[in-house]
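For reference, the structure discussed in these notes is given below.
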Amino acid sequence: MKLTSNPLYKRLKRVNPWVYVFLLPTIIVFVMFYLWPIIEILYTSFTQWRGGSRPPVFIGFDNFTRLFQSPSFRAALVNLFWWTVIAIVLHVGFGTLAALILFRKPFGWRFTRSVFMIPNVISVAAWAMIFRSMFDNDRGFINDIVRIFNPSFNVNWLASIPYSFWLVTFTWLLFAVVVTLIVQGDLMAIPSELREAARTDGASDLQIVWRIDLPLCRGAIGTGVILSVTSRISMYESIVLTTGGGPGTSTLNLPILMFNQVRDSHFGYANAMSMIMILIGFMTLLIVSKVFRTNESYY
């Protein structure tokens, strides 16, 4: 088929040329601050680079070989896997459930929505410090309450396995208001006639949720999964301010490892980790788009 007979080509021909002029600043910013740095990271990930005036030395796949042979890197991937599972099942699930409940405006829904929003306006760093203070062995009020009933109780939560992993998880697990707001937006966009027709046919509220609301909110839920999983990939403040990646490798993740390599001036090795993080993010996007069929029409 000739290019000139392609429908997409014909639509592009009808576009006002000024559109491209207005798009130009965005394209320039994208190339300068996103595309070019990614290309540079890709190249330097195949080099031994100590920064400064020393040029990168090409070493092929040595950085990636070292990565997958590193026990710390494998432990970080395992932690990321479990945080991803928890994010998809519990974090996004809780946010979606909250959206379905608040959409029906039960008694006290405005107050509940306001309370639900409060933890999300606090910075991640501040919330991590709150958790660190709450679960401190000597001054934390959690242990103080337990010692009322058991005076000999002595647990350093953030320095003990498996408590440290779950405490880091709880710094973000219940704060899914972004998922709730996105899903609520799609719920409000569903034509009311669909629900009314389902009720006329005898469908229960649960059947309407399962057969109408959830399928037509799949794009919003998929977006929530992408946001939640990519946040777990880049999670840094909540770990470094609570456990520092310990004890052992129980809360270790890729950003902590990457920061340690940057601090030691192993920039090529650190950029190899960056490429792994970028690839995981792209894989997440592709898988979620396929599973939730985000590119398909809803109606």
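The values are calculated or read from the model by the stated rules, or taken from the named source; none is laboratory data. As the structure is a prediction and not an experimental result, all values here were calculated from the model. Every residue, glycine as well, gets a Cβ built from its backbone with ideal geometry; the counts of neighbours run over all protein chains shown.
Kindly provide the set of residues from segment 45-63 that are of a type outside the set (Gly, Ala, Ser) and closer than 18 Å to residue 255 by Cβ, ordered by number. Give the steps one after another, and end with the answer.
Kept after step one, since they are of a type outside the set (Gly, Ala, Ser), are these residues of segment 45-63: 46-50, 54-59, 61-63.
Scanning segment 45-63 gives a single hit, 63.
Which residues, taken from segment 32-62, are among the polar types (S, T, N, Q) and loosely packed, with under 11 Cβ neighbours inside 10 Å?
Pass one, segment 32-62, residues among the polar types (S, T, N, Q): 44-45, 47-48, 53.
53, the sole residue that qualifies.
Inspect segment 143-152 for any residue being in a loop (DSSP other than H, G, I, E, B) and within 18 Å of residue 252 (Cβ to Cβ) and give the result as yes or no. Spell out how you get there, then give the answer.
Of segment 143-152, the ones in a loop (DSSP other than H, G, I, E, B) are 150-152.
Retained after the next criterion (residues that are within 18 Å of residue 252 (Cβ to Cβ)): none.
So far as segment 143-152 goes, no, none of its residues is in a loop (DSSP other than H, G, I, E, B) and within 18 Å of residue 252 (Cβ to Cβ).
Provide a single number: the residues in segment 119-149 that are under 15 Å from residue 244 (Cα atoms), of a type in the set (A, V, I, L, M) and over 19 Å from the mean Cα position of the chain (by Cα).
So the answer is 1.
Out of segment 132-142, which residues are part of a loop (DSSP other than H, G, I, E, B) and either modelled with pLDDT under 90 or more than 16 Å from residue 166 (Cβ to Cβ) (or both)? Explain how you work it out, then say what you get.
Filtering segment 132-142 down to residues part of a loop (DSSP other than H, G, I, E, B) leaves 135-140.
Answer for segment 132-142, where residues must be part of a loop (DSSP other than H, G, I, E, B) and either modelled with pLDDT under 90 or more than 16 Å from residue 166 (Cβ to Cβ) (or both): 136, 137, 138, 139, 140.
Return the residue satisfying two criteria in turn: it lies in segment 153-165 and is part of a loop (DSSP other than H, G, I, E, B) and touching a helix residue (DSSP H, G or I) at 6+ places or on another chain (Cβ under 9 Å), and of such residues it is farthest from residue 79 (Cα to Cα).
So in segment 153-165, the residues part of a loop (DSSP other than H, G, I, E, B) come out as 153-156, 160-162.
With touching a helix residue (DSSP H, G or I) at 6+ places or on another chain (Cβ under 9 Å) added as a condition, the list becomes 153-156.
Numbers: 153: 29, 154: 26, 155: 23, 156: 21 Å.
Checked segment 153-165; the qualifying residue farthest from residue 79 (Cα to Cα) is 153.
Only residues that are under 16 Å from the mean Cα position of the chain (by Cα) and not hydroxyl-bearing (Ser, Thr, Tyr): list them for segment 257-298, please. Can you show your working first?
Looking only at segment 257-298, we keep the residues that are under 16 Å from the mean Cα position of the chain (by Cα), and these are 274, 276-289.
Passing the criteria: 276, 277, 278, 279, 280, 281, 282, 283, 285, 286, 287, 288.
Being at pLDDT below 90 and surrounded by 12 or more Cβ atoms within 10 Å (Cβ to Cβ) narrows it down to one of 111, 165, 153, 103, so name that one. Spell out the reasoning first.
Working: 111 fails: surrounded by 12 or more Cβ atoms within 10 Å (Cβ to Cβ); 165 fails: at pLDDT below 90; 103 fails: at pLDDT below 90.
Just a single option satisfies the conditions, and that option is 153.
Any idea which residue in segment 42-82 is nearest to residue 261 (Cα to Cα), counting only those that are in a helix (DSSP H, G or I) and of a type in the set (Phe, Trp, Tyr)? If you could, list the steps in order and put the result at the bottom.
Within segment 42-82, the first condition is being in a helix (DSSP H, G or I), and the residues that meet it are 42-44, 62-69, 71-82.
So of that shortlist, the ones also of a type in the set (Phe, Trp, Tyr) come out as 43, 64, 68, 73, 81-82.
Values: 43: 17, 64: 14, 68: 15, 73: 12, 81: 22, 82: 24 Å.
Result: 73.
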